[in-house]
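**Student:** Here you go, one structure.
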Amino acid sequence: MSADGGVFGDTDTRVWDVVIVGSGAGGATIAHELAATGKSILILERGQHLPQEPENWDPQAVFIDRKYRTRDVWKDKDGRPFHPNTHYWVGGNTSFYGATLMRLRPGDFERRLHADGMSPAWPISYAEMRPHYERAEKAWRVRGQRGIDPTESVDEAPYHHPALTHEPPVEALRQHLVSLGWQPFPLPLGVWRDNIRPLDHPGQQHDGVCIRCQTCGGFPCRVMAKADARTVCLQPLSMAKNVTLLTGHRATRLITDASGRHVTGVLCETADGLKQFRGDLVVVAAGAVPTAALLLGSHNTRHPDGLANGSGLVGCNYMYHTLTAMISVTLAHVAADFPKTLGINDFYWGEPDGSYDKPMGHIQLLEHMSGKTLEGQIAEYLPPGTLPELFTAAIAGRMLSFLCISEDLPNRNNRVTIDEGGAITVSYTHNNMEGHERLVKRLDGALDTFSDQKHPIMQHHFQMSSLLPIYGTAHQCGTARFGDNPQGSVADSWCRAHEVDNLYITDSSIFPSSAAVNPTLTIVANAMRVAEHLAARLR
């Protein structure tokens, strides 16, 4: 008899060594790392295999029709429904990310004062994560250049692959920023394969070869050249006899034994009805919101408020970064197919001259946007067709886009909850805006002073900026934080639930803070760290 007081669904008679919920960055990395142990591994993925098809690179299909985006409806704190920018496919959201793979800065692992309060320390240090970051960068083909980013440790090993070169408009911008005393650096990007097409190469499109196209961030890579969970982790496992991937299996409940200390089954909704799978170890890596919903929905007599929720923190402290997208539009055409190659960290910890000593954040260039892409983004705010296609196309050809990223602080009231039917509500209020507004103003001022005769992309320009609303869930984290104190965290430093001996969490749920850089590389590196612990436990 389970602690739930009954048996659910058809039970698979096999007991797997490891059952993994989710095939994104955290789940796929665990599977890839543990495959060599020879232990039996089952990956449960609610989505299907993403097809390679012309629509992969069609802005109409991707951004307007939203062909690949989930149809799920969540609610905000005021009960208003919204469609999250989340994708449920094999490989998770990594198939649609912009491939920016940055480490958290060493100071991000430490307790730090912000304008709105304190960012907590992590239960592990940067020194503990460093070897795993190095492994993750090598495995995910991260291309960058050390020694330029002012927030980077001076003793870091070089990247295994050189940085992508800047196109002329971006190079002109870089030179301008240097003239202001800034230290812009090549943005670390994960591009699969070594033979990247040169900028002037007219050759064919081949699978596994980056062609620096206009359809990267937000699009699935049609030629499989993006370093994502599919290409890095799952494809190499396609012939592994001890690894099984089941698609169309949405985990809805974790079932425990009578003591509540051991997960005995993972209940899934499938096309053939409910099915239950058993594993000696269970790893949940479904994403910060779905993972929290799964734990909350797995309540039983031993865990009345949700599985592993004795601290009351499951679902709390939801973060997704304070993000402002800034578009700089000019009269002149901007000839840049792949502009996302430059980052700025001069103001990460505040003003370099000490005039403002609180963190501000990170700036990076965004991908090329076509008129259709821009139309799809505007449709998040305005009804479709509000702006004529000719207008959006004209704007798109004359702009560079930037993303200002600042840390949002963990707040217990920013949280994920579910109702009796399992419907998800994400309650969130923006915080820590002072440093972010300073960062946006800094970028705005730098662009105002940019005038280059050879590449006059910024002459007579104007900016449009907008704070990303709650639908932008790409950087979601924090809903099952890890830590040393069971009263103040959900999982321990090895990401094992304090209250459930065989349950681990390896997505961004465990982040105690969000820092101000993209989270994917940290998810991967931490999953590699946890995989070493799991391999020892399996032995």
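The values are calculated or read from the model by the stated rules, or taken from the named source; none is laboratory data. Keep in mind it's a predicted model, so treat the numbers as computed, not measured. Note: ideal-geometry Cβ built from the backbone for every residue, glycine included; neighbour counts use all protein chains shown. Ligands, DNA and RNA are stripped out before the accessible areas are found, and what is left, the full protein with its side chains, is counted by its heavy atoms. Shrake-Rupley method; radii C 1.70, N 1.55, O 1.52, S 1.80 Å.
**Student:** Can you grab the distance from the C-alpha centre of the range 473-539 to the C-alpha centre of the range 41-111, Å, no decimals?
**Tutor:** 20 Å
**Student:** Here's a follow-up. Using a/c under 1.5 as the rounded threshold, could you call the range 100-250 rounded, prolate or oblate? The axes a ≥ b ≥ c are square roots of the C-alpha gyration tensor eigenvalues, and prolate needs a/b larger than b/c, oblate otherwise.
**Tutor:** oblate
**Student:** Just how many % of Cα pairs in the range 1-127 lie over 23 Å apart, if you round to the nearest whole percent? Don't skip to the answer; put the middle values down first.
**Tutor:** Values: 4926 of 8001 pairs.
Looking at the range 1-127, the distances longer than 23 Å represent 62 percent of pairs.
**Student:** Hey, for a label at residue 413 modelled as a point 7 Å past Cα toward Cβ, could you say which residues of the range 292-331 have their backbone N under 16 Å away?
**Tutor:** 316-319
**Student:** Starting at the first residue of the range 473-478, write each ³J(HN,Hα) from the Karplus equation 6.51 cos²θ - 1.76 cosθ + 1.60 with θ = phi - 60°, in whole Hz, x for Gly and Pro.
**Tutor:** Calculated HN-Hα couplings, in order: 9, 4, 9, 4, 6, x Hz.
**Student:** Report D for the chain in µm² per second (integer): Stokes-Einstein, Kirkwood Rh on Cα pairs, 10 °C, 1.306 mPa s.
**Tutor:** 67 µm²/s
**Student:** Compute the FRET efficiency between residue 55 and residue 333 as 1/(1 + (r/R0)^6), taking r as their Cβ-Cβ distance and R0 = 35 Å, and round to the nearest 0.05.
**Tutor:** After rounding, the FRET efficiency stands at 0.80.
**Student:** Under the rule of at least 5 residues apart or a separate chain, name every residue whose amide H is placed under 5 Å from the amide H of residue 49.
**Tutor:** 90
**Student:** In Å², and per residue, what accessible area does the chain have when probed at 1.4 Å with the other protein chains present?
**Tutor:** Per residue, the chain has an accessible area of 39 Å².
**Student:** Where does the Debye-calculated log10 I(q)/I(0) of the range 73-130 sit at q = 0.15, 0.20 Å⁻¹, using only Cα point scatterers of equal weight, no solvent?
**Tutor:** Result of the Debye calculation: -0.84, -0.91.
**Student:** Taking H placed 1.01 Å from N in the peptide plane, check which residues at least 5 places from residue 502 or on another chain put their amide H under 5 Å from its amide H.
**Tutor:** Amide H neighbours of residue 502: 263.
**Student:** For the chain, what are the DSSP H helices with axial Cα length of 15 Å or more and mean Kyte-Doolittle hydropathy of at least -1.0?
**Tutor:** Span-like helices, by this rule, are 168-179, 433-448, 520-538.
**Student:** How many Lys pairs in the chain lie less than 23 angstrom apart by Cα atoms, where the lysines are 8 or more positions apart or on different chains?
**Tutor:** 14
**Student:** Another question, then. HN-Hα J couplings of the range 299-312 from phi, Karplus 6.51/-1.76/1.60, θ = phi - 60°, integer Hz, Gly and Pro as x?
**Tutor:** With the stated coefficients, the range 299-312 comes to 5, 8, 5, 7, 10, x, 9, x, 4, 6, 10, x, 6, x Hz.
**Student:** Show that you can apply the helix-only estimate: for the chain, add -39,500 (n - 2.57) for every DSSP H stretch of four or more residues, divide by all residues, and state [θ] at 222 nm to the nearest 500.
**Tutor:** -5500 deg cm²/dmol
**Student:** Report, to the nearest whole %, how much of the accessible area of the range 205-299 belongs to carbon and sulfur atoms, 1.4 Å probe, protein only.
**Tutor:** Accessible surface attributable to carbon and sulfur in the range 205-299 totals 51 percent.
**Student:** Given H placed 1.01 Å from N in the peptide plane, which residues other than close sequence neighbours of residue 112 have an amide H under 5 Å from its amide H?
**Tutor:** Under 5 Å from the amide H of residue 112 lie the amide H atoms of 119, each far enough along the sequence or on another chain.
**Student:** What number does the range 467-539 give for Rg over Rh if you use C-alpha atoms and the Kirkwood radius?
**Tutor:** 1.02
**Student:** Another question about this same structure. According to a simple spin-label model (label point 7 Å from Cα along Cα-to-Cβ), what is the distance in nm between residue 82 and residue 262?
**Tutor:** Result for the modelled spin labels: 4.3 nm.
**Student:** Also, I was wondering about something else. Could you tell me the calculated FRET efficiency between residue 301 and residue 487, based on Cβ-Cβ distance and R0 = 25 angstrom, to the nearest 0.05?
**Tutor:** 0.70
**Student:** Separate question: Does the range 101-182 come out rounded, prolate or oblate by the C-alpha gyration tensor, with a ≥ b ≥ c the root eigenvalues, rounded set by a/c under 1.5 and, if not, prolate when a/b is larger than b/c and oblate if not?
**Tutor:** oblate
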